[in-house]
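Values quoted throughout were computed directly from the atomic coordinates according to the rules given, and no laboratory measurement underlies them. Please read all numbers here as calculations on a predicted model, not as lab measurements. Every residue, glycine as well, gets a Cβ built from its backbone with ideal geometry; the counts of neighbours run over all protein chains shown.
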Amino acid sequence: MNDFFRLESLVMQFGGLTAVNDFSISIEPGELVGLIGPNGAGKTTVFNMITGFLTPTSGRVLWQGEDITGLPVHQITARGIARTFQNIRLFTDMTVLENVMVSFHHKIRSRFWKAMLGMPSHGREEQRIREEAYGFLQELNLAHLADEKAGSLAYGQQRRLEIARALATYPKLLLLDEPAAGMNPQETMELAGLVREIRKRHGLTIFLIEHDMKFVMGLCERIKVLDYGISIAEGTPEEIQTNPDVIKAYLGEPKHA
Amino acid sequence: MTWKGKDMDTSKRNLYCNLAALCLLALVLYLFDRHGTEYQIRILNNMAVFITLAVSYNLVNGMCGLLHLGPNAFITIGAYTSALLTMSPMEKQMSFIIEPLIWPFSVLQAPFFVSLIAGGVMATIFAFLISFPVFRVRGDYLAIVTLGFGEVIRVLCNALQGVTNGPLGLKGLQPYTNLWWSWGVAVFTVLVITKLVNSSFGRAMKAIREDEIAAKAMGVDPFRHLLLAFLVSAFFSGVAGGLMAHLITTISPTLFTFFLTFNLLIIIVVGGLGSTTGAVIGAALFAWGGEALRVVESPMDLGVFTIPGIPGMRMVLFSVILMVVILFARRGIMGRNEFSWDWLFSKLGLNAK
Ligand SMILES: Nc1ncnc2c1ncn2[C@@H]1O[C@H](COP(=O)(O)OP(=O)(O)O)[C@@H](O)[C@H]1O
Ligand SMILES: [Mg+2]
């Protein structure tokens with residue numbers, strides 16, 4: 001048992017449907033853990049409970065020794081947990097750079113009236129945010145698109161911008177919800193390299209959902225498998241690949257995306 | 001490679017351009033103040049008041065993407081507060097014939113400037129009080145709650161005779177609002193709201209407009225930022241209400257119906273929701289058009305027969321314009337674009353480099 005990040009018996013019921021049932025996991029600092037399972041297994045629901053979008057029916061989310069279950073979303077982000085969205089949710093009518101700058105806002109020191117009166121201290125903070133945000137764009141190979149509208153980017157670029165934006169909140173734990181969805185094999189491979197890089201550079205702990213098995217098996221050190229809301233297996237990529245329950249869950253399902 | 005942002009020369013140039021534009025405006029105002037007709041001065045004053053109203057309304061509806069339908073409430077509150085403060089205790093005693101004015105309004109008197117600020121502050125206080133129910137809901141529900149609040153304030157204005165003098169209203173206010181006051185407030189409002197919109201706070205507001213879920217996930221607290229926009233908007237609406245009161249010099253509840261809100265909505269939609277420049281252009285066109293189109297309400301002699309004047313015809317025209325804009329040019333005149341010197345200079349082919 002560690003104090004870093006722990007989910008204790010999370011249950012999420014939607015009316016009669018139990019989307020997640022008794023889900024527990026403990027993640028060590030610096031780990032890269034995968035969460036896989038057929039469509040509708042409840043993976044995104046787990047992320048939604050961690051980040052405060054859903055309050056679990058029962059169970060607890062423990063983060064650095066604190067019970068953060070059911071806290072407002074923005075407060076959880078401020079405590080160092082960031083996420084990306086499976087169905088991309090960018091600020092489409094804002095520029096790529098502005099998208100990333102939004103993530104700095106929760107740490108801003110200027111008061112609003114300083115912004116309104118155009119005080120120099122606020123101007124300096126804006127400039128600093130602009131520069132740091134640009135740094136994140138460089139990291140995700142998006143710098144040349146800084147002034148484009150986010151909505152005009154290609155699909156793979158939008159996925160990377162989601163990651164840049166999450167990184168800019170300066171998280172300790174990063175949750176990636178199907179970051180490679182819709183990418184071609186070439187882009188997926190580059191993404192795996194990027195994830196490794198940002199993890200090393202920012203000392204991140206990463207918990208990710210992904211359907212692309214090659215991506216997950218090549219990247220994650222530990223994998224958890226969810227089926228119909230129930231955790232059916234946990235282990236190294238090798239153990240998961242040969243686990244009979246996992247094979248059954250995947251083969252028993254009709255083809256998934 | 002690092003991000004350079006704007007270089008020093010450009011921002012200096014923009015500063016000089018702003019100052020030059022302000023001097024030009026001051027010159028124009030001076031000339032009209034000295035030589036303009038009463039009619040021209042009235043249009044210019046209306047223009048400035050509507051610019052203030054539209055720019056502050058646009059902060060909530062355009063920048064935050066809320067459908068707030070109650071700015072008339074805050075304008076009312078500002079107008080009454082300001083008027084009650086500039087009237088002398090004697091005047092008030094004579095006006096409130098049905099029911100005497102309650103203390104402390106009955107004895108308080110303040111200079112015009114102080115009364116404007118007080119109007120803004122009072123509007124902000126009311127905005128704060130209703131913000132908790134308002135921001136529990138979004139979309140159509142928020143529209144209905146704010147619409148209801150506007151109506152409640154109007155009804156209270158009629159009913160609370162000890163404060164507002166009921167349907168009789170307040171008459172004989174000093175015409176303090178001149179071109180300097182109205183345009184001074186308008187320029188200040190535009191500058192301050194532009195600064196806010198272009199700051200980190202404004203970005204947070206736009207992020208909420210674009211995708212509230214994603215904004216929360218990036219650490220933005222929607223309630224705080226919507227509240228900020230709502231309060232700032234209410235403040236300037238209140239100040240503009242004070243200006244309006246001392247421009248018309250007579251106020252009564254009929255002046256501040258939903259109709260006023262509807263006009264503001266037309267202004268910001270035609271100008272371009274989410275563009276401060278658009279709000280300014282829309283307000284200017286509205287104030288000018290409102291007077292220029294008076295002809296459609298006067299009887300027309302077509303030689304063979306005469307069309308009798310139809311009062312309210314202007315509003316029909318405005319509504320038609322709104323419908324045309326919504327149907328064929330939904331983004332309005334400016335879309336979400338803003339005027340900037342950089343844009344102007346590059347259009348003129350005069351860019352620094
Ligand atoms: N907010 C919600 N309300 C009702 N049902 C939901 C909600 N979110 C998810 N579900 C249901 O919960 C189940 C798990 O969904 P999800 O976590 O998105 O699956 P996954 O991400 O593994 O594909 C699905 O049956 C889905 O329809
Ligand atoms: Mg999912």
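Share of pairwise Cα-Cα distances greater than 26 Å in chain A is 42 percent (whole percent).
From largest to smallest, the equivalent ellipsoid semi-axes obtained for the protein assembly as shown from the alpha-carbon gyration tensor read 55, 27, 23 Å.
Rounded, prolate or oblate: which one fits region B:112-168, using the alpha carbon gyration tensor with axes a ≥ b ≥ c (rounded when a/c is under 1.5, else prolate when a/b beats b/c, else oblate)? Show your work: numbers first, answer last.
Details: a/c = 3.05, a/b = 1.42, b/c = 2.15.
Oblate is the answer for region B:112-168, as a/c is 1.5 or above yet b/c matches or exceeds a/b.
Its Cα centre serving as origin, chain A has a Cβ charge dipole (Lys and Arg +1, Asp and Glu -1) of approximately 760 debye. Treating r as the C-beta distance of B:L67 and A:E221 and R0 as 45 Å, the FRET efficiency rounds to 0.40.
With 27 Å as the limit, the listed pairs A:K114/B:K347; A:K43/A:K214; B:K216/B:K347; A:K172/B:K216; A:K114/B:K216 have A:K114/B:K347; B:K216/B:K347 beyond it between alpha carbons. If you take the alpha carbon atoms of region B:196-274 and fit the smallest convex hull around them, that volume is 115 Å³ per residue. So if a site counts as exposed when it's one of the chymotrypsin sites (Phe, Trp or Tyr not before Pro), its DSSP state isn't H, G, I, E or B, and it has at most 15 other Cβ atoms within 10 Å, what's the longest stretch of chain B without one? Between the exposed loop sites, the longest stretch runs B:1-304.
Helical runs assigned H by DSSP (4 residues or longer) give chain A a calculated mean residue ellipticity at 222 nm of -11500 deg cm²/dmol, each run adding -39500 (n - 2.57) before division by the residue total. Directionally averaged projected area (region A:6-94, Cα convex hull): 7.0 nm².
Shape of region B:12-348 from the C-alpha gyration tensor: rounded (a/c under 1.5, with a ≥ b ≥ c the square roots of its eigenvalues). Does region B:35-136 come out rounded, prolate or oblate, given a ≥ b ≥ c as the square roots of the eigenvalues of its C-alpha gyration tensor, rounded meaning a/c under 1.5 and, failing that, prolate meaning a/b above b/c? Judged from the Cα gyration tensor, region B:35-136 comes out oblate (a/c at least 1.5, b/c at or above a/b). For region B:92-244, the Kirkwood estimate of the hydrodynamic radius, built from every pair of different alpha carbons, is 17.8 Å. The modelled label-to-label distance between A:D22 and B:L168, using points 7 Å beyond Cα along the C-beta direction, is 7.7 nm. With unit charges on the beta carbon (Lys/Arg positive, Asp/Glu negative), name the residue among B:G139, A:V102, A:I27 whose Cα is farthest towards the positive pole of the charge dipole of the protein assembly as shown. Ranked along the dipole, the leading option is A:V102. Would any residue of region B:51-95 have its amide N under 13 Å from a label point 7 Å out along Cα→Cβ of B:R138? List them or say none. Answer for this model: B:64-67.
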